[in-house]
Amino acid sequence: MSPTIKRRSQKAWASPGKLVHVGEQKKAAVEITAFHYAETACQESVLKTAVECRVLQRQPGNTWINIEGLHDTGFMEQIGAQFGLHPLILEDILNTDQRPKLDDMGDYISVVMKMLDYDEATGGIVTEQVSLILGDNFLITFQEGRQGDLFNPVRERIRSGKGKIRKMGPDYLAYALIDGIVDNYFTITEKISEKIEEIEETLLSDPSNETIHAIHHLKLAILHLKKYIWPLREIINALAKGESPLISESTLIYLRDVYDHIIHAIDTIETTRDMISGMLDIYLSSVSNRMNQVMKVLTVIATIFIPLTFIAGVYGMNFKYMPELDWPWGYPMIMGFMAAAAGVMLLLFKRKNWM
């Protein structure tokens, strides 16, 4: 099955808001880590239940709760009940095939997006869905499983107190996480560009079936990138408009900067897609040129042997009265004439640059 289409048959005819996990189980058990921080203090903890998450969030300060593992629908119901999350929001979180989207529910904002990585071994895009729930003094993030987690630099900034995260609200923390995910898109496009340069060298020197397969993988990777990045433009643009009271004025400028990054990433993807299309054209042209060269050689050989075959056919008719048959020098003369005819034709073809 294509990596872009996951099995959703288990959701067929399910009632709206019914919690069904769509996707692979990437964690043996749900893991909950939390940061409760203020400008001068930071508390990092590992939680076990949804109730503990709610108790921590009610304390003065800002709370970041990160949940890894989406397969436990019972726990998702509990976390939804504790924080007042709508069942349809939870349904989007559990559906790992969900298109990136934004839902402003008034007292909280839900964002669904993709954390991507490029697998150089297979030439494909590895995806992990990340969902963010932004509240007044808390941020909840949901991950399928920590595969090359991009959130670690943000965790280090919270622990060390460097930067603005501990001085700002959870909206700035949400921006920092989104910015890290978006910046990683450029890393992926750079890796794809390097792969394109490698294939171009092979394409011009010795194209093969492996070359066209590599181009096909790159084309699929770009399609996946476009599928997951393009909707983010609308999402970040909606956040940057500042229509929600959950996002402070000081954070809006940073969101606008992320919006610019996304536009740049989309432009890069479009350029890369055009380059890949050009590579396909070059491959087809190279194959066509190689075929033309082969056909040219075969045509020259066939053309040379046409008169020789005619002469051999004439003397192969075995008529009784053929004067040259009884002439001692008949055979050498005919062979010499055939050699001279072939030589004249070769010189003619060479003068016309046909070979």
Restricting region 108-132 to residues that are touching a residue at least 40 places away in the same chain (Cβ under 8 Å) and assigned to a loop (DSSP other than H, G, I, E, B), the residue that is farthest from the chain's Cα centre (by Cα): Tyr108
Is it true that some residue in region 101-118 is crowded, with 20+ Cβ neighbours inside 10 Å, hydrophobic (A, V, I, L, M, F, W, C), assigned by TED's automatic domain parsing to the domain that holds Gln78 and over 22 Å from Phe186 (Cα atoms)? yes
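Yes/no per residue for (1) closer than 30 Å to Thr211 by Cα; (2) of a type in the set (Gly, Ala, Ser); (3) in the same structural domain as Asn209 (by TED's automatic domain parsing); (4) over 60 Å from the mean Cα position of the chain (by Cα):
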position: Ala302; (1), (2), (3), (4): no, yes, no, no
position: Gly313; (1), (2), (3), (4): no, yes, no, yes
position: Gly316; (1), (2), (3), (4): no, yes, no, yes
position: Asp326; (1), (2), (3), (4): no, no, no, yes
position: Ala342; (1), (2), (3), (4): no, yes, no, no
position: Met345; (1), (2), (3), (4): no, no, no, no
Out of the residues in region 241-275 that are without any contact (Cβ under 8 Å) to a residue 60 or more places away in the chain and more than 23 Å from Thr187 (Cβ to Cβ), state the one that is surrounded by the most Cβ atoms within 10 Å (Cβ to Cβ). Leu252
Which pairs turn up if I take residues in region 193-216 that are free of Cβ contacts under 8 Å to residues at least 24 places away in the same chain and look for partners that are surrounded by 13 or more Cβ atoms within 10 Å (Cβ to Cβ) and part of a helix (DSSP H, G or I) with beta carbon separation below 6 Å, at least 6 apart in sequence or on another chain? Thr202/Thr211
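Conditions (1) among the β-branched types (Val, Ile, Thr); (2) buried (at least 18 other Cβ atoms within 10 Å of the Cβ), marked per residue:
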| site | (1), (2) |
| --- | --- |
| Thr40 | yes, no |
| Glu44 | no, no |
| Thr49 | yes, no |
| Cys53 | no, yes |
| Gln57 | no, yes |
| Gly69 | no, yes |
| Gly74 | no, no |
| Gly80 | no, yes |
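The values are calculated or read from the model by the stated rules, or taken from the named source; none is laboratory data. Note that the structure is a prediction, hence the values are computed from the model and not measured. Note that we place each Cβ from the backbone using ideal geometry, even for glycine, and neighbour counts take in every protein chain shown.
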